[in-house]
Amino acid sequence: MPRVIAIVLFGILALATPALSAVRTIHVAIPGQPYVVAFQVARARGYYLQENLNVELVQMPVGVGVKATVAGNVEFAAMGSALFSAILGGMPLKIVMSSFRRPLFFVYAKPEIRDLSQLKGKKIGVPAIGTAGHSMLVDVLRKHGQDSGRDVSMLGLGLTATLLQALIGGVIDAAILSPPYSFIAEEAGYRRLISFLDEDVIFPGGGIGADESFLRANPSLVEQFTRASLKGHLYARSNKAGTIPIIARQMRMKQTYAAKYFDLMQRATTADGSIDPDEQRKALEPALRLRRDKEMPPLDRVFDFSKVRRIGKELTESSWRP
């Protein structure tokens, strides 16, 4: 009898081993937490494991993330429109999914700065020069009669946590912040000057960007990752009770912050993981102005949402529900 049990156990282990070894670990470069809720939900709900994927989110500054993606050190980058400058500069990248269509960016300033006019002569911290936050801020200041090159100094300081520390430490006078750091700044008495949610801008954040050669060489992997990420995105949009605890736990926010974040997210996310051609053009405009490029590039040079749209249609036809 012991010999029979041993044989049965050996057979079970032998069958289990291929399944375990089939799980592939992939790495996704992220600039911070606000735009990665789809990935966090997909991990928590087991959608990646259903595709035999183990997804590791690696936080890094946007410039480093773009270079890591091109070099093949990470498979995907959730850098959203931070990829624009790289693509417009000739890097072979493509954005294939977008969780967000509006930016969760806010400008907070020292309490004594009461409006945008009082930013003249001040130092403003941004994630990096040339990225979406920087270009959108330049546009908003221009609308309010400020010349960002002459009237204010902009400093690229990297991660949002660093921006908040610089603001609190007095190194800068104002900063672009995103949740949960925007919530912390508000509670600490800093003044909100701009909510980019209320500005007329399109921001394809929290999506999937990858090197074009990687996309061509790994169609099955891209399909698996996109399908699981889209499931996470759709769940996060539709299930408040289930999503808030995931945000609090995975993104290390207080429950009250997670609830605030969820409400903001409802105003900012895409319906199906993509943005339409008009929004694609609008999203590119700030980056083009910053580069002084007068000609809009072909949209398919930057975006390819065909896969995520097809997967969404298949999920609907299969009666999948988040």
Residue check for Thr256: of a type in the set (Ser, Thr, Tyr), under 30 Å from Lys143 (Cβ atoms) and out of contact with any Asp or Glu (no Cβ under 6 Å at 6 or more places or on another chain): no
Qualifying positions in segment 281-310 - within 18 Å of the chain's Cα centre (by Cα) and without any contact (Cβ under 8 Å) to a residue 12 or more places away in the chain: none
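Give the residue, chosen from Val96, Val66, Val70, that is surrounded by 17 or more Cβ atoms within 10 Å (Cβ to Cβ), in a strand (DSSP E or B) and under 19 Å from the mean Cα position of the chain (by Cα).
Checking each option against the conditions leaves just Val96.
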Residue in segment 128-150 that is surrounded by fewer than 22 Cβ atoms within 10 Å (Cβ to Cβ), more than 22 Å from Phe262 (Cβ to Cβ), over 17 Å from the mean Cα position of the chain (by Cα) and modelled with pLDDT of 95 or more present: no
Strands (runs of 3 or more DSSP E) within segment 162-218 that include 1 or more residues more than 24 Å from Ala77 (Cα to Cα) and at pLDDT 90 or above: 174-177, 191-195
Test: residue in segment 251-262 that is over 20 Å from the mean Cα position of the chain (by Cα) and of a type in the set (Gly, Ala, Ser): no
Search result, residues across segment 290-322 that are over 24 Å from Ala210 (Cβ atoms) and either crowded, with 17+ Cβ neighbours inside 10 Å or of a type in the set (Lys, Arg) (or both): Arg292, Lys294, Arg321, Pro322
Residue within segment 219-228 that is closer than 25 Å to Arg45 by Cβ, of a type in the set (Ser, Thr, Tyr) and free of Cβ contacts under 8 Å to residues at least 60 places away in the same chain present: yes
Number of positions in segment 34-60 that are outside any helix (DSSP H, G or I), over 21 Å from Asn73 (Cβ atoms) and touching a residue at least 40 places away in the same chain (Cβ under 8 Å): 4
In segment 226-250, residue farthest from the chain's Cα centre (by Cα) [restricted to those that are open to solvent by 30 Å² or more (accessible area, probe 1.4 Å) and of a type outside the set (D, E, K, R)]: Ala241
Residue that is nearest to Gly89 (Cα to Cα), among those in segment 267-322 that are in contact with a helix residue (DSSP H, G or I) (Cβ under 9 Å, 6 or more places away or on another chain) and of a type in the set (Asp, Glu): Asp293
Checking Met253 against (1) open to solvent by 20 Å² or more (accessible area, probe 1.4 Å); (2) touching a Phe, Trp or Tyr at 6+ places or on another chain (Cβ under 7 Å), the condition it does not meet: (1)
Every residue from segment 49-86 that is touching a Leu at 6+ places or on another chain (Cβ under 9 Å) and polar (S, T, N, Q): Gln59, Thr69, Ser81, Ser85
All positions within segment 99-150 that are within 19 Å of Gly207 (Cβ to Cβ) and in a strand (DSSP E or B): Phe100
Pair list, Cβ under 8 Å, 6 or more apart: segment 234-250 residue over 12 Å from Ala44 (Cβ atoms) and of a type in the set (Phe, Trp, Tyr), other residue modelled with pLDDT under 95 and assigned to a loop (DSSP other than H, G, I, E, B): none
Residue check, Ile113 of a type in the set (Val, Ile, Thr), surrounded by fewer than 20 Cβ atoms within 10 Å (Cβ to Cβ), in contact with a Leu (Cβ under 9 Å, 6 or more places away or on another chain) and modelled with pLDDT of 95 or more: yes
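The values are calculated or read from the model by the stated rules, or taken from the named source; none is laboratory data. The model shown is predicted, which means the values in this text are computed figures rather than measured ones. Quick reminder, even Gly has a Cβ in these numbers, built from the backbone with ideal geometry, and neighbours come from all protein chains shown. Quick note on the areas: whole protein, heavy atoms, side chains included, nothing else; ligands and nucleic acids left out. Shrake-Rupley method; radii C 1.70, N 1.55, O 1.52, S 1.80 Å.
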